[in-house]
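Read through the structure below, which is laid out as structure tokens, and then see the notes.
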Amino acid sequence: ANSPIHGLRFPQRVANLMVSLNPVRTNNRALDVGCAVGGSSFELAKSFDHVEAFDFSENFVAAAKRMQTGEELTFKVPVEGDITEEVSVGHEPGVDAAVLEKVNFFQGDACALSEYADSKDGFGTFDGVILANLLCRLPDPMACLNAMPKIVNKGGVVVMVTPFTWLEEFTPRSKWLGGFNDPVSQKPMYSKDKLKDIMEELGFEKIHEEQMPLVIREHQRKYQYIISEATGWRKK
């Protein structure tokens, strides 16, 4: 109840940003890479005929599938010290049975997107792709980005949202897109500049940029406040 309200509904805001950027509708399919428990996936399914959604975490995918059946999930959140309270999770308005059945959840690896494009039955191509707070948690971000030309239809849109929090526990330093000084010139190399170069080389045009806040609750009076950079890229 004490959360900064402008940081809430992050998954839904990411999905709505994608829709607002008006991807060309070729087959009206969307992809949610790193879908967690499906908040963005279900929101996308309001606007697309089919959504493929996957996450590396089997637990997240299992929870998303339970939500898809209409099951009400409950879990405990910290209030203070050892005190917790039970809360339940429900669907957003407009997410009805017809919307729920449009989503296919599976356990998967964002670094294997190229393999899915080449060989996964029913994977196909997409008019819209979202990657939310994922890029700087991948062991090989380029393996994911290099798949975009294969999986995105012409005129389709990729929305990437990331705080560029590079940490060696997730991504080897040699795979960071930025966040370091150039070894020769010693100039700072920023991830957003490198991402623009990469996406343009892959055949995408930057069509949108905004700062997108979100909050992660630690307990009743303490939240992580994160401001991710959200960018939109249209395939030429």
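The values are calculated or read from the model by the stated rules, or taken from the named source; none is laboratory data. Here the structure is a predicted model, which means the values were calculated and not measured. Heads up, the Cβs are rebuilt from the backbone with ideal geometry, glycines too, and the neighbour counts pull from every protein chain shown. Just the protein is used for accessible areas: all its heavy atoms, side chains included, with ligands, DNA and RNA removed. Shrake-Rupley method; radii C 1.70, N 1.55, O 1.52, S 1.80 Å.
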Output the number of residues of segment 113-137 satisfying the condition of being within 19 Å of Asn59 (Cβ to Cβ) and open to solvent by less than 70 Å² (accessible area, probe 1.4 Å).
-> 3
Could we say that Val95 is within 18 Å of the chain's Cα centre (by Cα), open to solvent by less than 50 Å² (accessible area, probe 1.4 Å) and of a type in the set (A, V, I, L, M, F, W, C) here?
-> no
Out of all the residues in segment 178-195, is one or more of a type outside the set (A, V, I, L, M), in contact (Cβ under 8 Å) with a residue 24 or more places away in the chain and buried (at least 17 other Cβ atoms within 10 Å of the Cβ)?
-> yes
Look at Lys175 and say whether it is at pLDDT 95 or above and out of contact with any Ser or Thr (no Cβ under 6 Å at 6 or more places or on another chain).
-> yes
Filtering segment 43-74 down to residues that are among the β-branched types (Val, Ile, Thr) and surrounded by fewer than 21 Cβ atoms within 10 Å (Cβ to Cβ) yields Thr69, Thr74
Considering only segment 136-225, give the helices (runs of 4 or more DSSP H) lying wholly within it that have at least 3 residues that are hydrophobic (A, V, I, L, M, F, W, C).
-> 141-145, 191-201
